[in-house]
1. Within the set of pairs 6 or more residues apart or between chains, which connect a residue that is modelled with pLDDT of 85 or more inside the range 1-24 to a residue that is small (Gly, Ala, Ser) with Cβ atoms less than 7 Å apart?
2. Return the total of residues in the range 98-130 being of a type outside the set (S, T, N, Q) and within 26 Å of ARG262 (Cα to Cα).
3. Inspect all residues belonging to the range 274-285 and state whether any of them is over 20 Å from LEU187 (Cβ atoms), at pLDDT 90 or above and surrounded by 12 or more Cβ atoms within 10 Å (Cβ to Cβ).
4. Which of the residues belonging to the range 214-246 are touching a residue at least 60 places away in the same chain (Cβ under 8 Å) and outside any loop (DSSP other than H, G, I, E, B)?
5. Taking interchain pairs and intrachain pairs at least six residues apart, which have beta carbon atoms under 9 angstrom, with the first residue in the range 193-211 and over 21 Å from SER163 (Cα atoms) and the second open to solvent by 30 Å² or more (accessible area, probe 1.4 Å) and of a type in the set (Val, Ile, Thr)?
6. Assuming GLU102 fulfils every condition listed in (1) acidic (Asp, Glu); (2) farther than 30 Å from ARG214 by Cβ; (3) at pLDDT 95 or above; (4) not in a strand (DSSP E or B) apart from one, which condition is it?
7. In the list LEU298, LEU230, LEU250, LEU257, which residue meets the criterion of being under 30 Å from GLN43 (Cβ atoms), open to solvent by 60 Å² or more (accessible area, probe 1.4 Å) and not charged (D, E, K, R)?
8. Among the listed residues VAL62, VAL91, which satisfies the condition of being of a type outside the set (Asp, Glu) and buried (at least 17 other Cβ atoms within 10 Å of the Cβ)?
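The values are calculated or read from the model by the stated rules, or taken from the named source; none is laboratory data. Quantities reported herein were computed from a predicted structural model and do not represent experimental measurements. Glycine also receives a Cβ, built like all others from the backbone with ideal geometry; neighbour counts cover every protein chain displayed. Quick note on the areas: whole protein, heavy atoms, side chains included, nothing else; ligands and nucleic acids left out. Shrake-Rupley method; radii C 1.70, N 1.55, O 1.52, S 1.80 Å.
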Amino acid sequence: MNFLVGAFKPPCSVSIIFADGRTRKQVPLKKENGQTVMVPLFQSQENIVGEVVIEPVQGKKVEHNGVKIELLGQIELYFDRGNYYDFTSLVRELDVPGELYERKTYPFEFSTVEMPYESYNGVNVRLRYILKVTISRNYVSNIVESQDFVVHNYTPLPSINNSIKMEVGIEDCLHIEFEYSKSKYHLKDVIVGKIYFLLVRIKIKNMELEIRRRESTGSGPNTYVETETLAKFELMDGAPVRGESIPVRLFLSPYELTPTYRNINNKFSVKYYLNLVLVDEEDRRYFKQQEITVYRLLPTP
């Protein structure tokens, strides 16, 4: 029985090591099995350099038809699970067919890699980057080892950042204006605004501001939309009076936001909205929603 177990063990171990792995920033990444691991962080146009170490099990030789490493950027839609769309695919041949008897190290380099999209783990979609080593073999299955890494891309401060002004009205009952100081926010920003009550003839019980994320995946009849409420912030408890104004200050840093993603590779979008909710004494709810743009600002050293 032990012989059978041993027969299915891979005849070698494969390690993928980043050259600057000890000094490069590491970020958490949630794996498919729910575990969180720390992986290196890159941005587009960086060099990805390192080495692959293949070590045969003692006393075994590994016959192979070649060794290669691929850098893949992939999108997986969960309703089409197991099908990966590769939007980036680079390959380096590391070894010609032959036999391995002892530990061997192969250096690799992918220079100024175009990685246009950010890593993203959503409700219905995942975008990931991996390095994948394949040892091709005859008659038996290939030996495959992969290593995840994360990509973040940064945006300069927008040159134009208009304020948002909106009105909520129910004829002859309610008239509210609200104003936010800008329409584009970075991930650690603060939403600052004011709400003015111009006419109040219904009994308002409370008012809150929500941050909502809307993820849409697929296209046409296969479009799936998931809306999550990430934050609820009570602006007011009790009845406002005409002429009153209420300040708004909402810090974004406590919430797990991503940048706004628009039509990534024709597969998915992620958008953010500020949703103003008024509740009257009969528990009727009135909404007003406004899209905001979220971006990732280059961190200051």
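1. Pairs that qualify, where the first residue is modelled with pLDDT of 85 or more and the partner is small (Gly, Ala, Ser), are ILE16/GLY50; ILE17/GLY50; PHE18/GLY50; ALA19/GLY50.
2. Here the count works out to 15.
3. The answer is no, given that none of the residues of the range 274-285 is over 20 Å from LEU187 (Cβ atoms), at pLDDT 90 or above and surrounded by 12 or more Cβ atoms within 10 Å (Cβ to Cβ).
4. GLU215, THR217, ASN222, TYR224, GLU226, GLU228, listed by residue number.
5. Close Cβ pairs satisfying both conditions: VAL200/VAL241; ARG201/ILE170; ILE202/ILE170.
6. All conditions pass for GLU102, except number (3).
7. LEU298
8. Just one listed residue meets the conditions, VAL62.
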